[in-house]
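FYI, it's all coordinate maths here, none of it is from the lab. This one's a predicted model, so the numbers in the text were calculated from it and none came from an experiment. As a convention, Cβ positions derive from the backbone with ideal geometry for all residues, glycine included, and neighbour counts pool all protein chains shown.
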Amino acid sequence: MRKKIVAGNWKMNKTLQEGVALASELNDALKVETVKCDVVICVPATHIVSVVNSVSADKIGVGAQNSADKVSGAYTGEISAAMVKSTGAGYVILGHSERRAYYGETDAILKTKTDLALENGLTPIFCIGEVLEERQSEKHFDVVKSQIVNGLFHLSADDFKKVVLAYEPVWAIGTGVTASKEQAQEMHAFIRTVLAEKYGQDVAQEISILYGGSCNPKNAAELFANPDVDGGLIGGAALKVEDFMAIIKAW
């Protein structure tokens, strides 16, 4: 059985004090619920240690939103995968569309970041997805396949099985527009076909593929009902415990 995962990406939101309060409130909510998925929150780097210490490891996994493509050294402002691991975090988001668009992260950079994350025992949540122009010109399948092939297909099958994929139609992030359940399933099934061509059907069926793109309490159950959608990478709705719990309980 593939892991079902609901992961929250807080992005650049919440002060340290607000973040600890939010994490603690979520932890308390999960103590009284029986949930059918893994729950992860990816928080600002300044918050990781405090959040790790404020939640139960058996209830909530904690992750970073990024890590560097360098091991260590004179890279002011960067945070290495080893540093992330030393905080107690278990996950790191890599290749989010905002990192690709605003900070020029390329497939080559992400390839190195993935290697370093895996070497340090982190689970990469590796993001892929197309912008609106690419969707409208029907290049979306080619774009997503290219991101997977160039960023991840150097990995052995054993290492690849340690990666979680997150498909984010960039045109649906923060816009209130969501891919239809049919569009989501179509792309997730395509991704699994791409994986099977490289690693075989058994490996392809083991990989969790999350949907990221305006997933909310109203549409989560519909999206999660798709056979190839294994959860969500949640943005804005992860900043309110009530909304995030509603998505978790959609399983």
*ILE125 versus (1) assigned to a strand (DSSP E or B); (2) touching a helix residue (DSSP H, G or I) at 6+ places or on another chain (Cβ under 8 Å): which is the lone unmet condition?*
(2)
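Just to be sure before I move on: is SER67 farther than 28 Å from LYS249 by Cβ and in a loop (DSSP other than H, G, I, E, B) in the structure I sent? Steps first, please.
Working: farther than 28 Å from LYS249 by Cβ: yes; in a loop (DSSP other than H, G, I, E, B): yes.
Criteria met by SER67.
Within segment 147-251, which strands (runs of 3 or more DSSP E) (wholly inside it) include 1 or more residues that are within 21 Å of LYS11 (Cβ to Cβ) and of a type in the set (Lys, Arg)?
On the way: elements: 164-167, 209-211, 231-234.
Fully inside segment 147-251 and qualifying: nothing.
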*The one condition in (1) more than 14 Å from GLY63 (Cβ to Cβ); (2) not in a loop (DSSP other than H, G, I, E, B) that LYS113 fails to fulfil*: (1)
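Kindly indicate the residue of segment 129-146 that is of a type in the set (Gly, Ala, Ser) and outside any helix (DSSP H, G or I) and also surrounded by the fewest Cβ atoms within 10 Å (Cβ to Cβ) among those meeting that condition. First the steps, then the outcome.
Restricting attention to segment 129-146, the residues satisfying the condition of being of a type in the set (Gly, Ala, Ser) are 129, 137, 146.
Next cut, outside any helix (DSSP H, G or I) only: 129, 137.
Values: GLY129: 27, SER137: 11.
This residue is SER137.
Could you list all residues from segment 154-172 that are touching a residue at least 40 places away in the same chain (Cβ under 8 Å) and more than 18 Å from ILE5 (Cβ to Cβ)? Full working, then the answer.
So in segment 154-172, the residues touching a residue at least 40 places away in the same chain (Cβ under 8 Å) come out as 154-155, 157, 159-172.
Passing the criteria: HIS154, LEU155, ALA157, ASP159, PRO169, VAL170, TRP171, ALA172.
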*Quick one: is GLU25 on the phi < 0 side of the Ramachandran plot and not in a loop (DSSP other than H, G, I, E, B)?*
yes
_Subset of segment 28-48 (residues that are in a helix (DSSP H, G or I) and surrounded by 15 or more Cβ atoms within 10 Å (Cβ to Cβ))_ = ALA29, LEU30, ALA45, HIS47, ILE48
*Restricting attention to segment 50-78, report how many residues are out of contact with any strand residue (DSSP E or B) (no Cβ under 7 Å at 6 or more places or on another chain), closer than 16 Å to ASN120 by Cβ and among the β-branched types (Val, Ile, Thr).*
1
*asked:* I need every pair where a residue in segment 76-102 that is assigned to a loop (DSSP other than H, G, I, E, B) has its Cβ under 8 Å from the Cβ of a residue that is of a type outside the set (Gly, Ala, Ser) and surrounded by fewer than 17 Cβ atoms within 10 Å (Cβ to Cβ), sequence separation at least 6 or different chains.
replied: GLU78/LYS70; SER80/LYS70; SER80/VAL71; THR87/VAL49; GLY88/VAL49; GLY88/ASN53
_Checking THR178 against (1) surrounded by fewer than 17 Cβ atoms within 10 Å (Cβ to Cβ); (2) touching a helix residue (DSSP H, G or I) at 6+ places or on another chain (Cβ under 9 Å); (3) among the hydroxyl-bearing types (Ser, Thr, Tyr), only one condition comes out false. Which one?_
(1)
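Select, from ALA57, ALA64, the only residue that is of a type in the set (A, V, I, L, M, F, W, C) and in contact with a helix residue (DSSP H, G or I) (Cβ under 9 Å, 6 or more places away or on another chain).
On the way: ALA57 fails: in contact with a helix residue (DSSP H, G or I) (Cβ under 9 Å, 6 or more places away or on another chain).
The match here is ALA64.
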*asked:* Looking for something within 20 Å of TRP10 (Cα to Cα) and either small (Gly, Ala, Ser) or surrounded by 18 or more Cβ atoms within 10 Å (Cβ to Cβ) (or both) - is there at least one such residue anywhere in segment 106-116?
replied: no
*farther than 22 Å from HIS140 by Cβ and either of a type outside the set (S, T, N, Q) or surrounded by 22 or more Cβ atoms within 10 Å (Cβ to Cβ) (or both), is that true of ALA204?*
no
